[in-house]
Amino acid sequence: MCAVHAARDAPAPESATAHLSDDLKVAVRRVEPIVQRYGYAGVVGSVTAEGLGIPLPGQTTLMAAALAAARGELNILLLAVLAFLAAVGGNSIGYLLGRTGGLRMLRKTGLSTAREAKLIALFQRYGGGFIIAARFLDGPRQLNGLVAGMLEMPWWAFTAFNALGALLWVGVWGFGTYYLWEHVSIVHTLLERLNPWVAALVIATVLLTLLYLLRVRRASGE
């Protein structure tokens with residue numbers, strides 16, 4: 001089934017943010033003008049800049065764009081591809097900046113000494129697994145490329161984990177918002193409160209649910 005037909009078949013509430021928590025609803029509404037004015041370019045710019053350590057709402061912009069896709073205003077498949085490339089590209093540039101600028105570059109982001117130490121400790125303890133989980137956590141999502149470069153993680157290893165994390169991230173907040181908008185605030189709250197490994201279990205559950213829904217939708221289309 002094509003993305004346009006899928007968008008028309010997706011349940012469209014009177015307000016696309018009607019079932020989101022109040023805080024998330026406010027955040028999504030705040031970035032909706034960016035999506036309405038700049039479309040795909042707004043998502044790409046926000047997600048890419050976020051990967052450089054700039055505190056822009058890349059994730060929220062992706063969610064707002066996915067809701068726009070559910071209303072038929074954007075193509076969800078094109079949105080997902082562009083968001084994936086922006087996420088990988090942004091963190092890759094962040095990695096290169098970390099390799100060349102090191103700790104000085106990281107501290108320019110305004111990170112406190114305590115959070116800096118905690119972030120480095122998590123990286124050293126969990127390695128590539130943390131790069132994947134960090135994609136779903138505010139703060140680590142913006143800084144994991146810089147830290148990986150600063151700690152001189154091998155480029156090939158960082159790229160592999162970075163791409164996998166971006167793929168999962170787009171799956172949850174892109175397709176997840178598109179298909180499961182009624183429950184997205186629950187997932188958002190859980191990921192904010194849980195440790196990285198439990199958060200990974202939540203992510204896996206959401207992705208399995210999405211795969212099931214896609215199979216059901218495809219079967220019904222046949």
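Some values worked out for this structure:
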| quantity | calculated |
| --- | --- |
| Looking only at the stretch 75-87, and only at residues there that are touching a helix residue (DSSP H, G or I) at 6+ places or on another chain (Cβ under 7 Å) and without any contact (Cβ under 8 Å) to a residue 60 or more places away in the chain, the one that is surrounded by the fewest Cβ atoms within 10 Å (Cβ to Cβ) | 82 |
| Complete set of residues in the stretch 132-170 that are among the small types (Gly, Ala, Ser), without any contact (Cβ under 8 Å) to a residue 60 or more places away in the chain, surrounded by fewer than 22 Cβ atoms within 10 Å (Cβ to Cβ) and assigned to a helix (DSSP H, G or I) | 157, 160 |
| Matching residues, the stretch 23-56, being outside any helix (DSSP H, G or I) and in contact (Cβ under 8 Å) with a residue 12 or more places away in the chain | 39, 52, 53, 54, 55 |
| Lone unmet requirement of (1) within 30 Å of residue 36 (Cβ to Cβ); (2) touching a Ser or Thr at 6+ places or on another chain (Cβ under 9 Å); (3) among the β-branched types (Val, Ile, Thr) for residue 48 | (2) |
| Selection count where residues are over 23 Å from residue 164 (Cα atoms), assigned to a helix (DSSP H, G or I), modelled with pLDDT under 90 and of a type in the set (A, V, I, L, M), scope the stretch 68-121 | 6 |
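The values are calculated or read from the model by the stated rules, or taken from the named source; none is laboratory data. Values in this document were obtained by computation on a predicted structure and should not be read as measured data. Using ideal geometry, Cβ is built from the backbone for each residue, glycine included, and neighbour counts are taken over all protein chains shown.
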